[in-house]
Amino acid sequence: MLPPFVWSDECLRHEPAAEVWVGVRMPATELPARALRIRAALLAAGAEEIAAAPHPDDALLAVHDEALVAFLRTAWVEWSAAGLPSDRVVPYVFARDELTGGHPPVEPAAVWARPGRFAYDTMTLIGPGTWEAARAAVDVALTAVDLVAGGERVAYACCRPPGHHVTRSLYGGSCYLNNSAVAAAELLRRLGGPVAVVDLDAHHGNGTQELFRDRDDVRTASVHVDPGAGWFPHFLGFASENDPSNLNLPLAPGSGDEPWLAAVHEAATFARTARALVIALGVDAAAGDPESPLQVSGDGYLEAGRILGDLGLPTVVVQEGGYDLATIGALVTATLAGVGAPT
Ligand code: SP5
Ligand code: ZN
């Protein structure tokens with residue numbers, strides 16, 4: 001049985017156009033077509049589509065700094081009014097802690113200096129519909145929480161842009177607002193804790209980890225390609241960060257179903273005693289994905305869904321990465337079939 005999925009057309013409005021990597025502007029891979037492909041596959045498989053309902057900012061501000069939210073809300077309007085030579089908001093100087101002697105950075109007078117207060121990479125560009133899409137993605141995730149709080153065992157948030165790389169006040173990694181973290185915080189408020197987040201995206205869920213660091217009421221686990229082997233987010237995602245409320249399971253590049261599913265089993269065991277579950281569902285660990293060297297199969301994703309579904313917990317699945325347009329729909333559908341299978 002496929003769980004119901006939540007959708008908003010607004011999520012299509014973000015068109016990153018490009019990512020600046022090693023100083024070079026390259027075509028973006030986090031495209032609107034990703035969400036459209038997933039939706040088409042789910043509808044073809046008979047899943048029920050539910051329209052996202054607007055939610056107030058409370059749940060969003062339980063996770064993110066007001067200053068980040070205010071920046072994202074106005075960044076494009078301010079940028080486009082400044083007549084700059086770039087058609088996307090892109091940082092150029094970064095307000096690192098040591099630079100300001102540990103003091104909070106001022107609001108810089110130059111519009112073009114502002115992104116460097118909140119961005120931690122150059123790959124995450126902001127354009128005309130970015131805010132509307134990112135905010136809609138939060139509404140999609142919160143509507144999925146509503147469904148699960150209302151008694152649905154599993155609901156899927158078919159949203160973009162993704163979110164798991166975003167911390168309390170810093171955005172990056174093609175992410176602007178941490179949809180999975182907002183869902184976890186809201187599940188905690190509605191159902192009680194602890195809530196577990198299991199992140200299957202090929203990249204470490206660094207934002208979610210840092211948002212809930214040292215908190216026992218939201219526990220985070222992440223299965224991802226080893227940042228020590230040279231992969232994003234580079235600075236975080238190591239097993240040395242593990243503690244009773246955080247479990248990182250880094251895998252060697254090239255890892256396929258067997259080691260990946262063993263790690264998913266470990267993450268499921270870690271989540272077993274939770275009151276509710278968020279699955280941060282990136283399908284970029286699949287073989288053939290252009291953004292990661294992991295080699296997971298469609299059957300592997302189906303089995304991962306079963307393993308996590310077998311926990312029998314109220315579960316919100318939130319879309320993260322996955323960039324192979326030819327397979328993204330089938331991969332998500334397979335995972336959801338696994339999560340939704342009778343336990
Ligand atoms: C949500 C998610 O999956 N974010 C992934 C962000 C990682 N991006 C790292 C990109 C590194 C350089 N990519 C160069 C290939 C050009 N497409
Ligand atoms: Zn990813």
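The values are calculated or read from the model by the stated rules, or taken from the named source; none is laboratory data. For clarity, every value in this text was computed on a predicted model and none was experimentally measured. Please note: Cβ atoms are built from the backbone with ideal geometry, for glycine as well, and neighbour counts cover all protein chains shown. For accessibility, only protein heavy atoms count, side chains too; no ligands or nucleic acids. Shrake-Rupley method; radii C 1.70, N 1.55, O 1.52, S 1.80 Å.
Filter segment 308-329 down to the residues that are buried (at least 18 other Cβ atoms within 10 Å of the Cβ) and either among the aliphatic types (A, V, I, L, M) or more than 26 Å from Pro194 (Cα to Cα) (or both) and list them by number.
Here is the first cut: in segment 308-329, the ones buried (at least 18 other Cβ atoms within 10 Å of the Cβ) are 308-309, 311, 313-324, 327-329.
If the condition is that a residue be buried (at least 18 other Cβ atoms within 10 Å of the Cβ) and either among the aliphatic types (A, V, I, L, M) or more than 26 Å from Pro194 (Cα to Cα) (or both), then Leu308, Leu311, Leu313, Val316, Val317, Val318, Gly322, Tyr323, Asp324, Thr327, Ile328, Gly329 are the ones that fit.
With respect to Thr208, is the statement that it is within 15 Å of ligand 1 (Cβ to nearest atom) and of a type in the set (Val, Ile, Thr) true? Even if it seems obvious, please write down each step before you answer.
Values: within 15 Å of ligand 1 (Cβ to nearest atom): yes; of a type in the set (Val, Ile, Thr): yes.
For Thr208, the condition - within 15 Å of ligand 1 (Cβ to nearest atom) and of a type in the set (Val, Ile, Thr) - is met.
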#### Entry: strands (runs of 3 or more DSSP E) wholly inside segment 1-104 containing at least 2 residues that are touching a residue at least 40 places away in the same chain (Cβ under 8 Å)
5-7, 18-21, 49-51
### Message
When you scan segment 77-98, do you find a residue that is at pLDDT 95 or above, touching a Ser or Thr at 6+ places or on another chain (Cβ under 7 Å) and within 16 Å of ligand 1 (Cβ to nearest atom), even just one?
### Response
yes
### Message
I'd like the full set of residues that are open to solvent by 40 Å² or more (accessible area, probe 1.4 Å) and of a type in the set (S, T, N, Q), limited to segment 71-124.
### Response
Thr74, Ser80, Thr100, Thr122
### Query
What about Asp139, is it part of a loop (DSSP other than H, G, I, E, B), farther than 25 Å from Leu302 by Cα and open to solvent by 10 Å² or more (accessible area, probe 1.4 Å)?
no
### Message
Checking the structure you have, find out if any residue of segment 199-208 is open to solvent by 10 Å² or more (accessible area, probe 1.4 Å) and in contact with a helix residue (DSSP H, G or I) (Cβ under 8 Å, 6 or more places away or on another chain).
### Response
no
### Query
Between residues in segment 278-298 that are open to solvent by less than 30 Å² (accessible area, probe 1.4 Å) and residues that are among the aromatic types (Phe, Trp, Tyr) and more than 9 Å from ligand 1 (Cβ to nearest atom), which pairs lie under 7 Å by C-beta distance while being six or more apart or on different chains?
Val283/Tyr301; Ala285/Trp260; Ala286/Tyr301; Leu294/Trp260; Val296/Trp260
### Task
Considering each residue of segment 209-233, count those that are away from ligand 2 (no atom under 13 Å from the Cβ) and either among the acidic types (Asp, Glu) or open to solvent by 20 Å² or more (accessible area, probe 1.4 Å) (or both), and give that number.
12
### Message
Taking the condition of being of a type in the set (A, V, I, L, M), within 17 Å of Ala181 (Cβ to Cβ) and more than 15 Å from ligand 1 (Cβ to nearest atom), how many residues in segment 216-250 meet it?
### Response
3
### Query
Is one or more of the residues making up segment 7-28 out of contact with any strand residue (DSSP E or B) (no Cβ under 7 Å at 6 or more places or on another chain), open to solvent by less than 40 Å² (accessible area, probe 1.4 Å) and farther than 29 Å from Val90 by Cα?
no
